[in-house]
Amino acid sequence: MGLGWVATLVCERVLRRTFSLHKAQSVEDMENFFQLVRNIVPAPTLKKHKGQDGQIGVVGGCQEYTGAPYFAAISALKVGADLSHVFCAREAAPVIKSYSPELIVHPVLDSLSAVEEVQKWLPRLHVLIVGPGLGRDDQLLSNVRGIVEASKARDIPLVIDADGLWLIAQQPALIQGYQKAILTPNKMEFSRLWEAVIGGPVDDRDHRGSVLRLSQALGNVTVVQKGEQDLISNGQQVLACSQEGSSRRCGGQGDLLSGSLGPMVHWALLAGPEKTNGSSPLLVAAWGACTLTRQCNHQAFQKHGRSTTTTDMISEVGAAFSKLFET
Ligand SMILES: NC(=O)C1=CN([C@@H]2O[C@H](COP(=O)(O)OP(=O)(O)OC[C@H]3O[C@@H](n4cnc5c(N)ncnc54)[C@H](OP(=O)(O)O)[C@@H]3O)[C@@H](O)[C@H]2O)[C@@H](O)CC1
Ligand SMILES: Nc1ncnc2c1ncn2[C@@H]1O[C@H](COP(=O)(O)OP(=O)(O)OP(=O)(O)O)[C@@H](O)[C@H]1O
Ligand SMILES: [Mg+2]
């Protein structure tokens with residue numbers, strides 16, 4: 001048995017343990033996806049100005065939840081965005097500002113002119129992440145509906161998470177057919193969307209089929225169903241991400257994922273299908289963000305075990321990103 005052959009076998013075994021394989025996604029496909037993510041990451045250069053690698057907005061933050069928008073916005077920065085804005089309810093703003101001087105915080109979401117206030121910033125934003133820590137207050141959700149419509153009118157990519165998905169479950173037409181949207185439901189949020197769009201209970205025997213069907217029913221909006229394995233579909237393809245994480249399920253990991261999607265989506269759309277080898281740029285971005293989040297969880301758990309929190313995971317973003325995507 002030649003050494004090269006043994007190396008191939010070991011390599012394949014390691015990859016098989018890392019990724020669950022299925023017909024449409026071979027080991028080679030997985031290796032390709034790492035390469036595709038590497039292709040979209042902006043090359044280091046001294047020629048750029050502030051903002052070019054991403055100006056991201058997070059719409060969320062209310063009296064109850066200040067952690068979630070902070071986690072999302074700081075994750076966007078740690079992945080490599082240049083500027084991160086948070087548009088939140090008035091009373092959440094001083095709290096979020098006090099967590100970090102890096103974030104630009106706008107206390108506008110519960111004002112009568114919320115849509116106009118956010119609209120002023122839209123020309124400068126590359127991606128909007130809607131929902132982390134938003135809450136379910138009717139007035140706030142009505143303002144967010146206006147913000148989503150204004151963003152669509154400007155063709156701004158939207159990552160919809162958490163209570164943003166609550167809004168979509170009430171009004172699926174708001175996002176129907178918008179090709180620059182990514183929805184990131186957890187198990188509960190997925191069931192709510194399914195009930196609203198398709199009706200009845202989710203078929204737990206066919207996760208892949210379910211995520212594919214929901215994406216199709218929403219007009220090929222990209223859906224990331226988070227769980228033991230993350231499943232990503234644009235209604236044509238289903239990708240799985242089973243990057244090793246850990247058994248630790250502290251709150252906030254979904255916020256890290258939606259935040260890191262911000263710059264990834266911006267980079268993937270800038271790079272275009274040429275760099276993603278014909279694959280949908282949003283699928284590549286989503287696969288990259290899922291892989292990164294799970295790797296952060298893995299690294300943080302190795303250091304902190306059961307005391308791991310999302311803050312520990314955010315501290316791992318730089319090292320995890322380099323390990324996965326920098327050659
Ligand atoms: N530090 C902060 O500020 C954080 C704030 N956050 C913000 O909280 C807001 C609400 O978000 P959410 O995720 O709690 O709402 P939703 O999905 O309706 O879950 C409600 C209930 O459903 C269940 N359940 C959930 N997942 C499940 C699963 N996989 N499998 C089975 N059951 C599952 C579970 O029910 P339980 O077990 O408690 O009965 C859960 O309690 C939103 O704004 C979000 O951004 C978070 O981001 C965290 C950090
Ligand atoms: N059982 C699991 N095993 C491994 N990883 C998981 C598991 N469940 C979720 N994850 C990972 O955790 C991350 C967040 O998913 P989760 O379902 O916890 O989101 P969430 O409920 O929206 O989180 P948040 O508390 O931020 O709202 C995803 O990257 C997902 O891959
Ligand atoms: Mg969540």
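Going by the conditions given, is residue 213 surrounded by fewer than 22 Cβ atoms within 10 Å (Cβ to Cβ), basic (Lys, Arg) and under 25 Å from residue 152 (Cβ atoms)?
Details: surrounded by fewer than 22 Cβ atoms within 10 Å (Cβ to Cβ): yes; basic (Lys, Arg): yes; under 25 Å from residue 152 (Cβ atoms): yes.
Yes; evaluated as a whole, the condition is true for this residue.
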In this structure, is residue 175 of a type in the set (Val, Ile, Thr), more than 16 Å from ligand 3 (Cβ to nearest atom) and open to solvent by less than 10 Å² (accessible area, probe 1.4 Å)? yes
Restricted to region 142-166 and to residues being open to solvent by less than 10 Å² (accessible area, probe 1.4 Å) and within 20 Å of residue 67 (Cα to Cα), the residue farthest from ligand 3 (Cβ to nearest atom) is 144
Considering every residue within region 38-47, establish whether at least one is within 16 Å of ligand 1 (Cβ to nearest atom) and in contact (Cβ under 8 Å) with a residue 12 or more places away in the chain. no
Can you name every residue in region 226-244 that is within 14 Å of ligand 1 (Cβ to nearest atom) and touching a residue at least 40 places away in the same chain (Cβ under 8 Å)? 226, 227, 229, 230
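What number of residues within region 216-235 are among the acidic types (Asp, Glu) and surrounded by fewer than 24 Cβ atoms within 10 Å (Cβ to Cβ)?
So the first thing to find is which residues in region 216-235 are among the acidic types (Asp, Glu), and the list is 228, 230.
With the extra rule that they be surrounded by fewer than 24 Cβ atoms within 10 Å (Cβ to Cβ), the set shrinks to 228.
The number of residues fulfilling the criteria is 1.
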Are any of the residues in region 43-53 open to solvent by less than 70 Å² (accessible area, probe 1.4 Å), in contact with a Gly (Cβ under 7 Å, 6 or more places away or on another chain) and not in a loop (DSSP other than H, G, I, E, B)? no
Matching residues, region 94-141, being of a type in the set (D, E, K, R) and more than 16 Å from ligand 3 (Cβ to nearest atom): 97, 102, 110, 116, 117, 120, 124, 137, 138
Does at least one position in region 149-170 carry a residue that is more than 16 Å from ligand 2 (Cβ to nearest atom) and of a type in the set (Asp, Glu)? yes
Restricting to region 182-230, what's the tally of residues that are within 16 Å of ligand 3 (Cβ to nearest atom), touching a helix residue (DSSP H, G or I) at 6+ places or on another chain (Cβ under 9 Å) and hydrophobic (A, V, I, L, M, F, W, C)? 6
Qualifying residue in region 126-146 (condition: part of a loop (DSSP other than H, G, I, E, B), of a type in the set (D, E, K, R) and over 30 Å from residue 187 (Cβ atoms)): no
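With respect to residue 83, determine if the residue is on the phi < 0 side of the Ramachandran plot, modelled with pLDDT under 60 and surrounded by 13 or more Cβ atoms within 10 Å (Cβ to Cβ).
Values: on the phi < 0 side of the Ramachandran plot: yes; modelled with pLDDT under 60: no; surrounded by 13 or more Cβ atoms within 10 Å (Cβ to Cβ): yes.
Answer is no for this residue.
Look through region 178-205, keep the residues that are open to solvent by less than 70 Å² (accessible area, probe 1.4 Å) and of a type in the set (Asp, Glu), and return whichever of them is nearest to ligand 2 (Cβ to nearest atom).
Filtering region 178-205 down to residues open to solvent by less than 70 Å² (accessible area, probe 1.4 Å) leaves 178, 180-186, 189-194, 196-200, 202-203.
Among the residues that remain, those that are also of a type in the set (Asp, Glu) are: 189, 203.
Working: 189: 7, 203: 19 Å.
Out of the qualifying residues, it is 189.
The values are calculated or read from the model by the stated rules, or taken from the named source; none is laboratory data. Please read these numbers as outputs of a predicted model, since none were measured by experiment. A quick note on method: Cβ atoms are made from the backbone with ideal geometry, for glycine too, and the neighbour counts reach across all protein chains shown. Remember, those area values only see protein heavy atoms, side chains included, never the ligands or the DNA or RNA. Shrake-Rupley method; radii C 1.70, N 1.55, O 1.52, S 1.80 Å.
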